[in-house]
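Colleague: Before anything else, here's the structure in question.
The values are calculated or read from the model by the stated rules, or taken from the named source; none is laboratory data. The structure displayed is predicted, hence computed values, not measured ones. No Cβ is skipped: glycine too gets one built from the backbone with ideal geometry, and neighbour counts run over all protein chains shown. For the accessible areas, the whole protein counts, side chains as well, though only heavy atoms, and no ligand, DNA or RNA atoms are used. Shrake-Rupley method; radii C 1.70, N 1.55, O 1.52, S 1.80 Å.
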Amino acid sequence: MVAIKQTRIVIENVSPSVDHGRFAVKVVTGDQIEVGADIWKDGHEILKAAVLWRKVDNSEISAICGPRSVHRKQKWNETLLTTSFDKNDRWNGRFNVDSIGPWVYTIVAWTDLFASWRDEIEKKVAAGNIVKSELLEGLALIERVLATLKGKAKTELNNYFNAWRKANTDDECLSIARDKRLVEFMARHDPRFDAEYYDFELPLWVDRERARYGSWYELFPRSCGTDKKRSATFREAEKRLPQVAAMGFNVLYLPPIHPIGSTARKGKNNTSPAKDNDPGSPWAIGSSAGGHDAVHPDLGTIDDFDHYCATARQLGLEIALDFAVQCSPDHPWVKEHPQWFAHRPDGTIKYAENPPKKYQDIYPIDFETIDREGLYHGLLEILRFWISHGVKIFRVDNPHTKAHSFWEWLINEVHRQDPDVLFLAEAFTRPKRMRRLAKLGFTQSYSYFTWRNTRSELEEYATELFLSDVGHYLRPNFFTNTPDILHEILQKGGRPAFITRLVLAATLSPTYGIYSGFELCENQAVHEGSEEYLDSEKYEIRIRNWQQPGNIIDLVKIINQLRKKERALQLANNLRFLPVSNPQIIAYAKITPGSNEHIICVVNVDPHHLQEGFVTIPDELRQGAWAYNMRDLINYIVYRWEGPQGYVRLDPKAIPMHVFKIAAK
């Protein structure tokens with residue numbers, strides 16, 4: 001006969017979790033994890049519940065995701081959960097994580113037998129019932145608990161037990177049962193006779209702070225010289241670093257710095273064939289000078305790269321390096337590992353295409369290769385090489401066109417040795433694919449922000465990213481532009497559009513980025529209807545005048561300074577949209593933890609026309625005050641508002657936004 005297991009305590013709907021624990025919830029060090037669960041039991045007994053959590057060894061990284069039974073004998077940290085029964089048996093609690101890497105948590109619940117007994121007997125006493133039998137039950141319960149104890153604890157409880165047993169009246173027994181010290185003792189030493197654990201340990205991945213908050217700047221080192229006819233070296237490019245740091249950025253992203261192939265090289269504005277002096281696209285990686293683990297000879301040597309990185313670090317800049325899983329026809333791998341590429345029936349290797357676009361200068365990697373193990377480890381070694389040179393952030397090119405299972409394997413393998421490495425997915429693809437990549441381990445993701453320009457679009461998209469369960473695993477990086485994307489609003493909206501898009505990106509998301517030239521308001525497309533830049537830096541060296549009239553460099557500095565100073569702008573889930581009478585104006589609050597001074601942003605999303613309207617400030621943000629100060633952190637003007645609504649007038653020809661700090665007085 002099969003043994004019958006009786007389970008009376010139910011634990012379900014545990015949060016946070018991603019796909020019921022198949023993937024890890026993402027947080028950063030110092031975060032307080034808010035936990036919830038539905039917990040209940042048949043009958044009327046009183047329950048207790050706790051969240052259990054622990055750090056997992058890095059060697060277990062690949063095993064922490066997916067259904068995993070609770071290891072009850074492990075050493076767990078524990079915090080009690082609380083409930084309000086009018087919330088339909090929902091229990092809540094929190095715990096903190098203090099180091100990067102993998103963690104797990106679970107829930108345990110049990111019947112508080114002593115509290116349940118006291119609750120029952122007090123009701124009977126209040127009703128005037130005789131409780132002699134109930135008191136004997138209480139004494140038996142004390143004796144049962146006593147059998148589980150040792151040492152001082154057993155001696156202490158034994159004193160209560162003997163006093164109770166020797167009591168002459170029911171009132172004396174009740175007095176002992178009500179003793180505050182006994183009640184606290186029984187709670188502290190509850191043996192949890194019927195403890196029920198949630199079915200699984202739920203995984204968490206804890207990153208360093210840069211995973212959530214960062215200001216990114218993208219530049220091509222080869223364009224950091226003074227001669228358009230030749231590439232700048234890393235030593236020359238170092239001269240640009242103080243300017244980038246002065247604008248307040250803390251992550252410097254470099255497109256591929258490797259040797260560039262000459263076969264089928266692309267010329268100016270993606271034309272073919274290239275001219276003799278065309279430098280080619282950095283994404284056509286590999287030549288006789290080396291592959292993914294080499295530095296382009298025109299940029300210098302690996303020592304020059306190391307020096308460049310060291311100089312950047314001294315200025316507060318962390319280098320992010322491009323990781324593009326593709327090769328030029330001249331890449332050493334083409335000869336050394338031909339099995340890693342897809343061949344046509346005529347023996348030629350198939351170049352990359354995204355019809356109608358053709359990339360004859362690039363061979364994609366074939367993830368269906370019979371030498372999958374060799375390919376995987378070859379790509380892993382590339383990352384380990386650059387990690388050994390101090391690179392801890394990688395921007396991954398087009399990961400959605402490669403095998404998803406590869407990314408899960410690769411990121412796990414990297415994190416076994418270097419859990420502080422961050423990965424940004426450059427995946428402008430359909431939402432479910434973007435989300436899957438985030439679940440598989442990508443630290444951050446590019447987003448659709450570039451194509452969300454109206455108030456309704458921005459509110460809907462930001463709500464999805466920051467205020468839903470998506471925020472448990474996907475961290476967007478709001479790039480305003482890229483070498484591939486010059487949106488129509490920037491082409492036609494001019495300088496006002498650059499200002500508003502900068503402010504929206506930098507204040508809606510804790511991580512955002514710009515591609516160099518944005519601060520100069522570069523907005524000329526290759527032709528009408530295209531998002532490609534004219535004279536794209538992907539195919540030629542660009543020398544810029546960084547003091548060009550009309551630039552917004554000073555505003556970039558101010559915005560990045562605010563982001564460093566204001567904690568509210570470094571968080572993701574503290575966003576709250578505010579009602580505005582004009583649909584061309586968007587307003588939102590970024591709540592400051594532990595403070596009554598919150599950030600309020602009001603932006604005119606129409607770069608062509610002056611817009612005015614009334615913004616509603618909720619009572620809780622005003623702390624109930626009728627009159628309050630709205631201090632503009634951009635122009636340092638203090639506005640005195642009265643009542644729940646304030647008037648704004650935003651002229652795109654002047655300053656089309658406010659970034660307020662509200663201080664109720």
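Colleague: Looking at (1) open to solvent by 70 Å² or more (accessible area, probe 1.4 Å); (2) in a helix (DSSP H, G or I), find the lone condition where Ala153 falls short.
Modeller: (1)
Colleague: Is it the case, given these coordinates, that Glu373 is part of a strand (DSSP E or B) and open to solvent by 50 Å² or more (accessible area, probe 1.4 Å)?
Modeller: Taking the combined requirement at face value, the residue does not satisfy it.
Colleague: Quick check: anything in the range 604-627 surrounded by fewer than 22 Cβ atoms within 10 Å (Cβ to Cβ), within 28 Å of Thr454 (Cβ to Cβ) and aromatic (Phe, Trp, Tyr)?
Modeller: yes
Colleague: Does Leu424 fit the bill of being closer than 30 Å to Asp98 by Cβ, buried (at least 24 other Cβ atoms within 10 Å of the Cβ) and of a type in the set (A, V, I, L, M, F, W, C)?
Modeller: In short, yes.
Colleague: Among (1) closer than 18 Å to Glu318 by Cβ; (2) touching a Pro at 6+ places or on another chain (Cβ under 7 Å), there is one condition Gly261 misses while meeting the rest; what is its number?
Modeller: (1)
Colleague: Just checking, does the range 100-113 include any residue being part of a helix (DSSP H, G or I), free of Cβ contacts under 8 Å to residues at least 12 places away in the same chain and not acidic (Asp, Glu)?
Modeller: Among the residues of the range 100-113, not one is part of a helix (DSSP H, G or I), free of Cβ contacts under 8 Å to residues at least 12 places away in the same chain and not acidic (Asp, Glu), which makes the answer no.
Colleague: Of everything in the range 533-583, what is within 30 Å of Pro279 (Cβ to Cβ), touching a residue at least 40 places away in the same chain (Cβ under 8 Å) and not aliphatic (A, V, I, L, M)? Give them in sequence order.
Modeller: Tyr533, Asp535, Ser536, Glu537, Lys538, Tyr539, Glu540, Arg542, Arg544, Trp546, Gly550
Colleague: Follow-up question, since we're still on this one. Out of the residues in the range 16-58 meeting the condition of being open to solvent by 40 Å² or more (accessible area, probe 1.4 Å) and in a strand (DSSP E or B), tell me which one is farthest from Gln417 (Cα to Cα).
Modeller: By that ranking, first place goes to Trp40.
Colleague: Answer with yes or no whether Asn523 is polar (S, T, N, Q) and crowded, with 18+ Cβ neighbours inside 10 Å.
Modeller: In short, yes.
Colleague: Determine whether the range 641-653 contains at least one residue that is assigned to a strand (DSSP E or B), free of Cβ contacts under 8 Å to residues at least 24 places away in the same chain and either open to solvent by 20 Å² or more (accessible area, probe 1.4 Å) or touching a Lys or Arg at 6+ places or on another chain (Cβ under 7 Å) (or both).
Modeller: Yes.
Colleague: Right, another one. Take the residues in the range 115-139 that are within 53 Å of the chain's Cα centre (by Cα) and among the aliphatic types (A, V, I, L, M); name whichever of them is surrounded by the most Cβ atoms within 10 Å (Cβ to Cβ).
Modeller: The selected residue is Ile121.
Colleague: Within the range 73-102, can you find the residues that are more than 25 Å from the chain's Cα centre (by Cα) and open to solvent by 70 Å² or more (accessible area, probe 1.4 Å)?
Modeller: Across the range 73-102, the qualifying residues are Lys73, Gln74, Lys75, Glu78, Leu80, Thr82, Phe85, Asp86, Lys87, Asn88.
Colleague: Given the conditions (1) surrounded by fewer than 17 Cβ atoms within 10 Å (Cβ to Cβ); (2) over 20 Å from Ile61 (Cβ atoms); (3) in contact (Cβ under 8 Å) with a residue 24 or more places away in the chain, and given that Met434 satisfies all but one, which numbered condition is not satisfied?
Modeller: Condition not satisfied by Met434: (1).
Colleague: Still on this structure: Please work out which one of (1) part of a loop (DSSP other than H, G, I, E, B); (2) open to solvent by less than 20 Å² (accessible area, probe 1.4 Å); (3) among the charged types (D, E, K, R) is the condition Arg395 fails and give its number.
Modeller: With respect to (1) part of a loop (DSSP other than H, G, I, E, B); (2) open to solvent by less than 20 Å² (accessible area, probe 1.4 Å); (3) among the charged types (D, E, K, R), Arg395 is out only on (1).
Colleague: Starting from residues that are among the aliphatic types (A, V, I, L, M) and under 18 Å from Phe479 (Cα atoms), keep the ones in the range 526-553 and report whichever is surrounded by the most Cβ atoms within 10 Å (Cβ to Cβ).
Modeller: Result: Ile552.
Colleague: For the range 384-420, how many residues meet the condition of being of a type in the set (Gly, Ala, Ser) and closer than 21 Å to Ala294 by Cα?
Modeller: Adding up the residues that qualify gives 2.
Colleague: For the range 313-361, what are the residues that are part of a loop (DSSP other than H, G, I, E, B) and either closer than 30 Å to Gly248 by Cα or without any contact (Cβ under 8 Å) to a residue 24 or more places away in the chain (or both)?
Modeller: Leu315, Gly316, Leu317, Ala324, Arg344, Pro345, Asp346, Gly347, Thr348, Lys350, Pro355, Pro356
Colleague: Working only within the range 578-593, note down all residues that are under 15 Å from Lys661 (Cα atoms) and either in contact with a Ser or Thr (Cβ under 9 Å, 6 or more places away or on another chain) or not β-branched (Val, Ile, Thr) (or both).
Modeller: Within the range 578-593, Leu578, Ala587, Tyr588, Ala589, Lys590, Pro593 meet the criteria.
Colleague: Let me ask something else. Starting from the range 599-612, take each residue that is under 14 Å from Leu578 (Cα atoms) and list its partners that are buried (at least 20 other Cβ atoms within 10 Å of the Cβ) and of a type in the set (Phe, Trp, Tyr), counting only C-beta distances under 8 angstrom and pairs at least six apart or across chains.
Modeller: Ile599/Phe660; Ile600/Tyr588; Ile600/Phe660; Cys601/Tyr588; Cys601/Phe660; Val602/Phe660
Colleague: How many residues does the range 14-59 hold that are under 30 Å from Ser116 (Cα atoms) and over 22 Å from the mean Cα position of the chain (by Cα)?
Modeller: Matching residues across the range 14-59 total 16.
Colleague: So, one more: Out of (1) buried (at least 19 other Cβ atoms within 10 Å of the Cβ); (2) more than 21 Å from Ala24 (Cβ to Cβ), what's the single condition that is false for Trp451?
Modeller: It fails just one condition, (1).
Colleague: Return the pairs, sorted by first residue and then second, in which the second residue is open to solvent by 50 Å² or more (accessible area, probe 1.4 Å) and not aromatic (Phe, Trp, Tyr), the first residue lies in the range 179-197 and is farther than 15 Å from Asn158 by Cα, the beta carbons are less than 6 Å apart, and the residues are 6+ apart or on different chains.
Modeller: Close Cβ pairs (under 6 Å, with a partner that is open to solvent by 50 Å² or more (accessible area, probe 1.4 Å) and not aromatic (Phe, Trp, Tyr)) amount to Pro191/Thr148.
Colleague: Just wondering, is there one or more residues in the range 285-294 that are assigned to a loop (DSSP other than H, G, I, E, B), open to solvent by less than 40 Å² (accessible area, probe 1.4 Å) and over 22 Å from Arg395 (Cα atoms)?
Modeller: No, because not a single residue in the range 285-294 is assigned to a loop (DSSP other than H, G, I, E, B), open to solvent by less than 40 Å² (accessible area, probe 1.4 Å) and over 22 Å from Arg395 (Cα atoms).
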